[in-house]
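Engineer: This is the structure I have questions about; it appears just below.
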2 protein chains.
Amino acid sequence: MSTDLFARHRALLERAVQALDARTHWSPYPESPSPKTYGEEAAAQGRAAFQSYLGKDFPLNQPGQTGLHGGERSPWGVPLDVRYPVCDPEQLVAAAQAAMPAWQRLGPDGRAGILAEALQRLNQRSFEVAHAVMMTSGQAWMMAFQAGGPHAQDRGLEALAGAWRAQTAVQREALWEKPQGKGEPLRMAKRFEPVGRGVALVIGCATFPTWNTYPGLFAALATGNPVLLKPHRDAILPAAITVAVLREVLTEQGVDPNVVMLAVAPLRNATQALATHPGVRSIDYTGGSTFGQWLIDNARQAQVYAELAGVNTVVIESTDAYRAMLKNMAFTVSLYSGQMCTTTQAFIVPAGGIDTDEGHKSYDDVCADFAQAIDTLLADPKTAHALLGAIQSEDTVRRIADAPRLGTVVRASQPLPHPEFEAARVQTPLLLACDARDEAAYMEERFGPISFIVRADDADAAIALSRRIALDHGALTSGVYSTRPEFVDAMVEASWDAKVALSINLTGAVFVNQSSAFSDFHATGGNPASNASYTDAAFVANRFRVVQRRWHV
Amino acid sequence: MSTDLFARHRALLERAVQALDARTHWSPYPESPSPKTYGEEAAAQGRAAFQSYLGKDFPLNQPGQTGLHGGERSPWGVPLDVRYPVCDPEQLVAAAQAAMPAWQRLGPDGRAGILAEALQRLNQRSFEVAHAVMMTSGQAWMMAFQAGGPHAQDRGLEALAGAWRAQTAVQREALWEKPQGKGEPLRMAKRFEPVGRGVALVIGCATFPTWNTYPGLFAALATGNPVLLKPHRDAILPAAITVAVLREVLTEQGVDPNVVMLAVAPLRNATQALATHPGVRSIDYTGGSTFGQWLIDNARQAQVYAELAGVNTVVIESTDAYRAMLKNMAFTVSLYSGQMCTTTQAFIVPAGGIDTDEGHKSYDDVCADFAQAIDTLLADPKTAHALLGAIQSEDTVRRIADAPRLGTVVRASQPLPHPEFEAARVQTPLLLACDARDEAAYMEERFGPISFIVRADDADAAIALSRRIALDHGALTSGVYSTRPEFVDAMVEASWDAKVALSINLTGAVFVNQSSAFSDFHATGGNPASNASYTDAAFVANRFRVVQRRWHV
């Protein structure tokens, strides 16, 4: 049956591989939550489906269930009260291992067909997933729909296509004939089998519970590995729906649904035990550096793919579009209240100020004008709420409260009452000024709407600082504003050295913190912020091994 | 100038990529040391070139030289007395880092041209390299020529071609256009740069100082990384010649020769300091598991590619070509006195014996007939010497002396005087019988001409044992003899699970311990014997990162 699904989705997979190669714009999953694309009933059905979970036990029918666990706390202050099965880790690993051989035997095509079908169903259920993402992560509705639905599906399909291509690129059969002078040639038949490494653990984060999870999830599954999906304790529902959809398709296809299971681990040491289980052979992780580093140091039996914290910087040397630059930067720090691993934390400005199309601007001018640009952007509360979303975690609320001591407050963070969600934690961005020497202030990740305008001695010092921060503390994104080609070139060289993606003179409707599947690589894997990239060849190549056999013919 | 070299070697690279895909027989480097292919003068010139090094300082002109070191001890008992520059590790790393940006700027094509040229020159110097390999490793002449010369060059070209392909598969430029309803589309220009991880350390072994070194060396260089080549203390000369050839081509091309340097480290702690240097970003290692595991555990700043020890097994269930099977096995254990990481250590035979074309053979029959087959193969001293070579290390000599206590001696190892090299350490294979329960005897690597005929309860237990050994102790090769297709199928399934290459019913002139570049993957990277494979996509994919930049257009 999975052959039928492969036939059904083959053109999509081939188109996705093409897109990965070309890196031009492409997506099969419409990003607009419009009735024209998703159907007149989709919005209402999605909302109803989401609401049907609330206050209930989430049905998954997994082996080894020992209890139930819930307690997700919505940043919007909405009670969720969904309870998820807690299963014995040993039994989860054993069930996954038992499901692996049949999953292996389906081969790259059979698996790709099933996974593409699951992505299509997830796409049809984008409204349902979007509500789950919004209510758990604190994202505003439009972002929850786009990043939680179609854009996450894009990243999943991208990983699936990359994994499918990497396996199908392996020749499966060969006849090896070695000439022997005048004698008969030596002849060997050979077969080459791509085989998954073993059980994969995929650990999700609270802010992007689908977008950051789907790459590892689909890459691991596509390469023949059963997956235990361990969601963040505050964002279980989007993962549970994803697992349910996958198990539904597997079951329909007569495949053991234990190829994918939800691994709810109420306590960190349960996650640690799972991560160091000898049967777990790969781990995908998105989240803080402390636990990520713990995984890298301790889960030595597994290949670890980690997206960690970093300090993203933008260097401002000069611009010929001052207002547009400030507007772009204001949007960047406001979007989801800076709770993206790609948000700029430090804007580095020379002490002597910058040349612009509106004349020379001093360092203080830039600070004041940036603050003003944020005020302008967020002046209309409706726009503000559409952009900001809610603060995902209490830790971030505390960080915002604590941060003013780290510099001179250029723009204070204010709570913003939400017309619909009374108990929502909404805060506007905090902007701080500080000197480059105040490294303790800005040179560690301050996750949330906390940004620094860092005063560097001069423009060259700004590049050197940006480079050093990325090399020492990691960075997923960097930016530069300059009208001088040689300065941009120097920043490009620094970006190669520090292995961080660079956005140059962004003044329009593309932002340094956004990356687009099939075109932008998310992270490089080359500095402390990550050891892997969505989705390059290395992200999939090591998830399977090629096992050969040969005999005389 | 490197553009010219790329043009010169482009067809070769394209053909090599084709060969990697097809996995049929191919090699551009003739394996026969024949005057017809290498020229009438090649043999004499190669020998003279080799002899010109003896008793002298090897000229490399590297930075930071602090002294000289030599002392290679030839297993043939021939004095070498070559002295190599010892350079300050900090200066080596700094010089490599300084050479990297220009190496980076040459791009995948420019680097591939230079490296293909170096391989061609190494091929022309195959006789010289073969003498160096023979005299340091103890290999017999023909193996030293083939494995040390053309076959090593094949493996180098394979890695080069794989690395070149992986980088050129990355789209370098894209125009990203995202439709915006009726408005103008968003348009971004994007550039994608493959960038090496950083300084690579390549650590060679004493038995195959070129064959096991060239994959990592050429993969690391091709992906933009400068290389420090650290040879085994007893096999420096082949590495030094290789480095000299590479530096010669680099210099001719106006490229800083410090892209490749020889890192002679007289003491293990000097190697350890180099391996854990923060500037060293990848390590290729071939050798014992103890130091390999130390590297994996301690060189955490680097990506480690390790080929370690294992326990290779062959399961014998039945055969329709008893004599040919025994002859094939005898050749396997005799070739280079079993000093190949791919040599079978344990032949597992059911206690009840096996069915053959010569009737049923008891376990004891198999033991005796195997011993006899070795005696027959080695009866002619000329053949014996051509096959056995010399014992590379004193440790192996001691292991042979110590091994008889590990089981019942079926065939004793004897020293064999060499007509040409009086002081050569030559020993014939030792064959021991033991029960499967004597795990301490056969279940750890006994490097050298020491093999066990292990008595298993039955055929199914033999498969289970073979599988468990590979999973727990690692294996690079495995074999099966059976006339029952369902038994072979079960062994195939076990090989997938244990991720070990399987040779089925080898009775002709192909041996379980041989792997052929462009067709056979050497190691899978999927069990404790290795964490990487020559040359799959994973072997090259993670040696570079893709760094992008983008701007509005």
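Engineer: Looking at chain B only, what percent of DSSP beta bridges run antiparallel? Nearest 5 please.
Structural biologist: Expressed as a percentage, antiparallel bridges in chain B total about 40.
Engineer: May I pose another question? In whole percent, what relative contact order does segment B:312-504 give with Cα contacts below 8 Å and a gap of six or more residues?
Structural biologist: 30 percent
Engineer: Scattering from the C-alpha atoms of the protein assembly as shown alone, worked out with Debye: what is log10 I(q)/I(0) at q = 0.06, 0.07, 0.10 1/Å?
Structural biologist: Rounded to two decimals, the profile gives -0.50, -0.67, -1.24.
Engineer: Once you order the gyration tensor axes a ≥ b ≥ c over the Cα atoms, which shape class does segment A:382-470 get: rounded for a/c under 1.5, otherwise prolate or oblate by comparing a/b with b/c?
Structural biologist: prolate
Engineer: Counting every Cα pair in segment B:379-428, what percent are over 14 Å apart?
Structural biologist: Every Cα pair in segment B:379-428 considered, those over 14 Å come to 53 percent.
Engineer: Same structure, new question: With an 8 Å cut-off on Cα pairs and a minimum separation of 6 or more residues, tell me the relative contact order of chain B in percent.
Structural biologist: With pairs under 8 Å counted, the relative contact order is 17 percent.
Engineer: Take the rotation relating chain B to chain A, measure from its axis to every Cβ in chain B, and name the nearest residue with the distance in whole Å.
Structural biologist: For the rotation taking chain B to chain A, the closest Cβ gives B:Ala541, 2.
Engineer: In whole Å, how far is the Cα centre of segment B:386-411 from that of segment A:242-292?
Structural biologist: Rounded to whole Å, the Cα centres lie 48 Å apart.
Engineer: I've got another one for you. When Lys and Arg each count +1 and Asp and Glu each count -1, what net charge do the other residues less than 15 Å away from B:Ala42, Cβ to Cβ, add up to?
Structural biologist: 0
Engineer: Expressed as a rounded percentage, what relative contact order does segment B:435-541 have, with Cα pairs under 8 Å and six or more residues apart?
Structural biologist: About 24 percent, as a whole number.
Engineer: Reachable aspartates and glutamates from B:Lys382, Cα under 12 Å, same-chain residues fewer than 8 places away excluded?
Structural biologist: B:Glu420
Engineer: Follow-up question, since we're still on this one. Quick one: angle between helix B:485-498 and the longest Cα principal axis of chain B, in degrees between 0 and 90, rounded to 10, please.
Structural biologist: Around 50 degrees separate the two axes.
Engineer: Before rounding to the nearest 500, sum -39500 (n - 2.57) across all DSSP H runs of length at least 4 in the protein assembly as shown and divide by the residue total; then give [θ] at 222 nm in deg cm²/dmol.
Structural biologist: Using -39500 (n - 2.57) per qualifying helix, the result is -13500 deg cm²/dmol.
Engineer: For chain A, list log₁₀ I(q)/I(0) at each q in 0.07, 0.09, 0.10, 0.13 Å⁻¹, using the Debye formula over Cα point scatterers of equal strength and ignoring solvent, two decimals each.
Structural biologist: For the requested q values the scattering log ratios are -0.41, -0.67, -0.82, -1.29.
Engineer: So, one more: Going by C-beta contacts inside 10 Å, put A:Ser495, B:Ser32, B:Ser337 in order with the fewest on the left.
Structural biologist: B:Ser32, A:Ser495, B:Ser337
Engineer: Which net charge results when you count Lys and Arg as +1 and Asp and Glu as -1 among the other residues whose beta-carbon is under 14 Å from that of B:Val304? Each step should come with its number before you reach the end.
Structural biologist: Working: positive: A:Arg300, B:Arg197, B:Lys230, B:Arg281, B:Arg300, B:Arg543; negative: B:Asp284, B:Asp297, B:Glu307.
Once all neighbours under 14 Å are counted, the net charge is +3.
Engineer: Gap in Å between the Cα centre of segment A:476-548 and the Cα centre of segment A:309-342?
Structural biologist: One Cα centre to the other: 16 Å.
Engineer: Relative to the longest principal axis of the C-alpha atoms of chain B, give the angle of the C-alpha long axis of helix B:289-298, reported between 0 and 90° and rounded to the nearest 10°.
Structural biologist: 30 degrees
Engineer: Along Cα→Cβ, 7 Å out, is where each label goes; now give me the distance between the ones at A:Gln91 and B:Thr168 in nm to one decimal.
Structural biologist: The answer from the label model is 5.5 nm.
Engineer: At 7 angstrom along the Cα-to-beta-carbon line, where would the label on B:Ala102 sit relative to the other copies? Give the distances in nm, shortest first.
Structural biologist: In nanometres, ordered from closest: 6.1.
Engineer: Setting aside same-chain residues fewer than 8 positions from A:Lys361, which aspartates and glutamates have a Cα under 13 Å from its Cα?
Structural biologist: Qualifying aspartates and glutamates at Cα under 13 Å: A:Glu317, A:Asp320, A:Asp369.
Engineer: Turning to a different aspect of this structure: How much length, in nm to one decimal, is gained on full extension between A:Ala7 and A:Arg468, taken as 0.36 nm per residue of separation minus their Cα-Cα distance? Provide the component values of the computation, followed by the final result.
Structural biologist: Details: separation 461, 0.36 × 461 = 165.96 nm, distance 4.96 nm.
The span from A:Ala7 to A:Arg468 would gain 161.0 nm if fully extended.
Engineer: Across every pair of different alpha-carbon atoms, what Kirkwood hydrodynamic radius in Å does segment A:396-552 reach?
Structural biologist: Kirkwood radius, segment A:396-552: 18.4 Å.
Engineer: Subtract the Cα-Cα distance of B:Ala351 and B:Gln414 from 0.36 nm times their separation in residues, and report this length gain in nm to one decimal.
Structural biologist: Computed gain between B:Ala351 and B:Gln414 is 19.9 nm.
Engineer: Also, I was wondering about something else. Put a point 7 Å out from Cα along the line to Cβ at B:Arg187; what are the distances to that point in the other copies, in nm, shortest first?
Structural biologist: Inter-copy label distances (nm, one decimal, shortest first): 5.9.
Engineer: For a quick check: with amide H placed at 1.01 Å from N, whose amide H comes under 5 Å from A:Ala321's, ignoring anything fewer than 5 positions away on the same chain?
Structural biologist: So A:Ala321 has HN proximity to A:Asp357.
Engineer: Further question: Antiparallel DSSP bridges in the protein assembly as shown: what percent, to the nearest 5?
Structural biologist: Here the share of antiparallel DSSP bridges comes out near 40 percent.
Engineer: Also, I was wondering about something else. Take B:Glu493, B:Glu394 and order them by how many other Cβ atoms sit within 10 Å, fewest up front.
Structural biologist: Placing the least packed residue first, the sequence is B:Glu394, B:Glu493.
Engineer: With equal scatterers on the alpha carbons only and no solvent term, can you work out the Debye log10 of I(q)/I(0) for segment B:312-504 at 0.09, 0.19 1/Å?
Structural biologist: -0.30, -1.32
Engineer: Taking the 0 to 90 degree range and rounding to the nearest ten, how far is the long axis of helix A:42-53 tilted relative to the main principal axis of chain A, both from C-alpha atoms?
Structural biologist: Taking Cα atoms only, the helix is inclined about 80 degrees.
Engineer: Just for segment A:285-430, what percent of DSSP beta bridges are antiparallel, to the closest 5?
Structural biologist: Details: 4 of 12 bridges.
The antiparallel fraction comes to roughly 35 percent.
Engineer: Expressed as a whole number of Å, what is the distance separating the alpha-carbon centroids of segment A:80-103 and segment B:31-97?
Structural biologist: Taking the Cα centre of segment A:80-103 as reference, the centre of segment B:31-97 is 58 Å away.
Engineer: Let me ask something else about it. Applying 1/(1 + (r/R0)^6) with R0 = 41 Å to the Cβ-Cβ distance of B:Gln293 and A:Arg15, what FRET efficiency is obtained, to the nearest 0.05?
Structural biologist: Once the sixth-power term is evaluated, E becomes 0.40.
Engineer: Please tell me which of these pairs span more than 25 angstrom C-alpha to C-alpha: A:Lys36/B:Lys190; A:Lys56/A:Lys230; A:Lys36/A:Lys230?
Structural biologist: From the list (A:Lys36/B:Lys190; A:Lys56/A:Lys230; A:Lys36/A:Lys230), the Cα-Cα distance tops 25 Å for A:Lys36/B:Lys190; A:Lys36/A:Lys230.
Engineer: A further question follows. When a/c reaches 1.5 or more, the comparison of a/b and b/c decides; with that in mind, is segment B:1-129 rounded, prolate or oblate per its Cα gyration tensor? Provide the component values of the computation, followed by the final result.
Structural biologist: On the way: a/c = 2.37, a/b = 1.15, b/c = 2.07.
In terms of gyration-tensor shape, oblate.
Engineer: In addition: Compute the FRET efficiency between A:Ser32 and B:Asp435 as 1/(1 + (r/R0)^6), taking r as their Cβ-Cβ distance and R0 = 60 Å, and round to the nearest 0.05.
Structural biologist: Using R0 = 60 Å, I get an efficiency of 0.25.
Engineer: Now for a separate question. For the residues B:Ile241, B:Ile296, what sequence is obtained by ranking on other C-beta atoms within 10 Å, fewest first?
Structural biologist: Ranked by crowding around the Cβ, least crowded first: B:Ile296, B:Ile241.
Throughout, read-outs are computed from the coordinates displayed, never taken from laboratory work. Treat the numbers as computed from the prediction; the structure is a model and nothing was measured. Using ideal geometry, Cβ is built from the backbone for each residue, glycine included, and neighbour counts are taken over all protein chains shown.
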